[in-house]
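Bear in mind that the values in this text are calculations on the coordinates, not laboratory data. Because the structure is predicted, anything quoted here is derived from the model rather than measured. Cβ sites come from the backbone with ideal geometry, for glycine too, and all protein chains shown count toward neighbours.
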Amino acid sequence: MIGSYFKTSGRGLMRNKLFSSINIAGLAISMSVGLLLISFLLDLRSYDRFNKNGERIYRITNDATIKGEQNGKFGTTSIKTGRLIDEKVTGVEEVAIMREGFSQDAQVGDHFLPLKGFWAESPVFKIFTFPMLEGNPETALREPYSVVLTETAAKKLFGDGAAVGKAVKFDSIDYQVTGIMKDIPFFSHIHFEALVSLSTAEQLNKADQDFQKWTNMWSNYVYVLLPQNVEISSIESQLRSIANEENKTDANTKIQLELLPLYNIVVGENLNRSMGSAGPHLPPVVLWILGGLALVVILSACFNYTNLSIARGTRRFKEVGLRKAIGAGNSQIKWQFLTEAFIISFAALFLSFFLFLFLRPQLINLAPELQRLVKLDLTPAMVIAFLVFSVAVGVIAGFMPAVFFSKTSAITALRNVSSVKVFKHITLRRALAVVQYTFTLIFITTTAIGYAQYKNILAFDLGFNTENVLNIDMQGNKPDAFLRELSEIPEVTATSRSMIVTSVGNAWGGNVKYKDSQDSALVLTNQVDENYLSLHGYKLLAGGNFVTHPATPDGVHEMIVNQQFLKRFNIGAGDPEKAIGEEISFSNFTVSRQKMKIVGVMQDFHYGKVDNVVGPVAFVPWTQADRAIINAKIQSKDVPATLAKIQSVWKKLDRTHPFQAEFYDKAIEDAYSEYSAMIKIIGFLSVIAISIASMGLFGMVVFTTETRLKEIGIRKVMGATSGNLIYLLSRGFLLLLSISALIALPVTYLFFEKYILTSFPYHTPVQIIETIAGLLVVLMIAFLMIGSQTMKAAGSNPVEVLRGE
């Protein structure tokens with residue numbers, strides 16, 4: 001019986017080569033999207049699975065309330081938290097503290113190598129599966145100034161020679177290499193080249209009274225390994241007790257400790273100061289969106305299959321009726337049509353696999369974040385998932401035709417399928433076509449509106465000039481010598497110094513108070529020199545530039561503020577002239593509260609991204625000798641040659657670190673790369689959806705034209721023109737497109753206006769052309785499809801068509 005199903009299905013597919021090809025091609029294109037999503041999900045699920053005890057590893061997170069305001073959840077916590085858990089919490093096997101921020105140049109002889117890593121404790125090797133190749137994991141991170149290197153880092157520093165026991169200099173201090181460990185797997189939320197003993201950080205910060213304070217939660221990660229079958233509620237209760245006790249020591253900050261499973265770090269809630277957000281991280285909502293989009297594309301191809309199967313099923317009614325007349329049951333009819341769907345699905349899988357191999361690098365290269373997030377390499381689990389996916393698509397595609405034909409009696413089989421209604425006056429095929437084109441129009445309209453908004457963001461007036469400004473990261477080098485060399489390059493017309501690059505998501509700030517008021521607020525700041533304002537074209541409304549040139553942060557007593565700063569603290573009743581000379585008090589991580597004088601007021605500008613509301617901002621004189629961004633204004637007809645000159649100057653200064661520079665406009669474009677990647681993905685899906693819908697439309701037009709050839713012949717004999725015939729055959733399809741447009745366009749417009757663009761306070765209104773662009777494209781394709789077949793039918797000889805009548 002099974003062999004009969006396959007034989008009959010094969011013959012039927014070969015007899016209808018055009019419809020079979022359309023179905024296979026449509027399913028293959030849509031299934032390639034499904035394969036990409038499957039491989040994407042499997043890669044995300046692979047994160048941290050190399051850890052043998054992964055299911056028992058948790059990270060401690062903080063839910064902080066500072067000065068009565070909810071500051072959100074943090075992936076970091078304090079060193080004291082780790083110590084208290086180790087001392088007081090029962091039912092915890094191991095506790096490991098990791099502190100971020102270790103980024104220094106390792107020196108071995110005359111050889112330098114930049115290394116990044118963490119300060120950590122030995123229990124990290126008991127919690128995580130980080131195999132040690134040399135050294136004792138129990139003691140490797142016990143003593144101060146001990147360092148464990150990854151295998152690759154050790155080879156770069158020592159070659160193939162022995163490394164354990166050797167000395168490495170960091171900032172002129174000798175560290176002893178106490179271990180060599182295997183390189184960190186790609187699918188790990190933690191990545192480093194070196195682990196330095198946490199006791200080293202304690203030595204280096206012994207003068208800092210806040211280093212081990214309960215509220216110093218900004219740079220430390222605490223991991224715990226829990227026993228098998230532990231009661232999580234018991235651990236959580238003990239954590240609440242610790243938090244309640246420690247919160248009594250600080251009236252302004254309240255912290256609650258929570259457990260975060262290891263497997264929920266990469267795909268999970270976006271936490272502040274989290275290795276998951278600095279490294280690999282993806283909010284679950286993105287997966288739901290991508291999954292939903294892929295499902296829509298796959299369903300679109302399945303609708304094609306259903307439409308064409310039921311349409312050409314009018315020619316198979318006699319076959320179904322005959323099968324039932326000789327005793328075939330409903331289940332046998334169902335299996336016959338499902339078998340056809342399976343054959344087409346597996347044929348589509350074969351084709352879609354090659355499409356997957358072609359599309360895989362295109363997807364990964366859409367954005368730098370994707371390159372760091374997934375690899376999409378083939379694995380046995382992925383192949384099995386592909387096969388299961390193919391079966392599922394076959395079931396979905398063949399289910400409706402199978403049920404439809406199996407329920408048709410032998411007598412009813414002689415009737416026309418178009419008599420089956422979903423709603424009043426709407427046939428099944430028309431309903432599916434409306435749904436398919438509605439989704440297609442939503443896709444393409446979303447792409448058009450999204451792309452227009454993205455371009456508007458990149459061209460948005462930030463309030464200062466970014467054109468031809470090259471930002472050069474000094475990477476710890478003092479900038480004075482480099483600036484002298486730059487000034488001798490003719491194409492470099494101006495230079496300035498700053499601590500950070502604004503408008504790309506970077507932020508630095510401090511707490512500001514005005515006069516004796518108890519009201520204080522966070523003000524975003526940047527340290528800049530006296531050339532910064534003029535180079536970037538900031539507009540001063542009152543006052544002037546910096547006068548002093550302080551050498552240390554404690555010597556800073558001048559501040560240039562924006563208009564929002566005056567409004568926030570009600571300085572000078574908002575009048576820039578009256579604000580000049582007013583004093584405020586300022587404090588941040590580098591300086592205690594000190595008096596500052598307002599020497600200038602500048603026009604508001606976008607310190608953050610354009611999805612952030614403009615708030616209080618201040619510039620203070622540049623003092624960061626160990627942290628500097630050089631801003632160079634370039635005027636050159638040969639930019640690559642100019643960059644080569646600047647790079648040669650850099651190599652004179654620093655042969656260890658690679659030259660890191662980026663034009664301001666490119667940095668802004670990179671800052672919105674996630675939006676660009678999402679638009680590209682939706683745009684790609686739009687092309688897929690249009691292609692599938694067009695193939696379906698082509699199949700239906702061919703079928704309709706074939707079934708109405710005699711009618712066309714009669715109408716031609718009666719004097720109908722080609723234009724009359726095109727109108728006759730296209731009006732039904734155009735009606736369906738009109739219904740789809742009436743649904744899709746308002747839905748997409750409202751979705752952007754009510755949900756998406758509300759996150760961008762300075763967005764431009766959605767334009768009519770962006771809304772109807774998709775409809776115009778679909779209409780043009782539809783006219784080409786319908787017109788080509790109608791003209792072909794209209795060009796046929798009526799005598800040949802009607803001679804048998």
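Brief remarks on what is shown
- Antiparallel DSSP beta bridges within the chain, as percent of all bridges there, nearest 5: 80
- Cβ-defined net charge surrounding Ala448, 14 Å radius [Lys, Arg +1; Asp, Glu -1]: +1
- Long-range HN-HN contacts of Ile500 with modeled amide H, under 5 Å: Gln527
- Members of Lys116/Lys651; Lys73/Lys213; Lys52/Lys88; Lys375/Lys609 lying beyond 24 Å, as alpha-carbon distances in this model show: Lys52/Lys88; Lys375/Lys609
- Mean Cβ count within 10 Å, highest first, over the residues of peptides 738-748, 714-724, 249-259: 738-748, 249-259, 714-724
- Nearest 10 degrees, 0 to 90: helix 2-15 Cα axis against the chain principal axis: 80
- Between segment 35-62 and segment 636-663, the alpha-carbon center distance in angstrom: 40
- Burial order of peptide ranges 125-133, 353-361, 229-237 (average beta-carbon count within 10 Å, highest first): 125-133, 353-361, 229-237
- For segment 469-559, the relative contact order is 21 percent, taking Cα pairs closer than 8 Å that sit 6 or more residues apart in sequence and dividing their mean separation by the residue count.
- Straight-distance candidates among the lysines for linking to Lys716, with alpha-carbon spacing under 30 Å and chain neighbours fewer than 8 residues away dropped: Lys17, Lys792.
- Computed from phi, the 3J(HN,Hα) profile of segment 503-515 under the Karplus parametrisation 6.51, -1.76, 1.60 (θ = phi - 60°) reads 6, 10, x, 6, 8, 8, x, x, 9, 10, 10, 10, 6 Hz, with x in place of Gly and Pro.
- Values (1) 118, 62, 51; (2) 103, 65, 53; (3) 99, 70, 49 are given for comparison; Cα extents along the principal axes in Å, derived from the coordinates here, is the one labelled (2).
- For Glu558, residues with placed amide H under 5 Å, excluding near neighbours: Lys597
- Amide hydrogen neighbours beyond the local backbone of Gln104, cut-off 5 Å, H modeled: Leu115
- Burial order of peptide ranges 665-676, 164-175, 33-44 (average beta-carbon count within 10 Å, highest first): 33-44, 665-676, 164-175
- With R₀ set to 41 Å, the beta-carbon distance separating Glu151 from Asn252 gives a calculated FRET efficiency near 0.35.
- Ellipticity estimate at 222 nm from DSSP helix runs (n ≥ 4, -39,500 (n - 2.57)) divided over the chain, nearest 500: -15500 deg cm²/dmol
- Pairwise FRET efficiency - Asp670 versus Phe186, Cβ, R0 = 30 Å, nearest 0.05: 0.85
- Extension gain, Phe358 to Ile769, is 144.7 nm, computed as 0.36 nm per intervening residue step minus the present C-alpha separation.
- For the pair Leu522 and Trp218, the difference between a 0.36 nm per residue extended length and the Cα-Cα distance amounts to 107.8 nm.
- Distance from segment 616-635 to segment 209-233 (C-alpha centre basis), Å: 36
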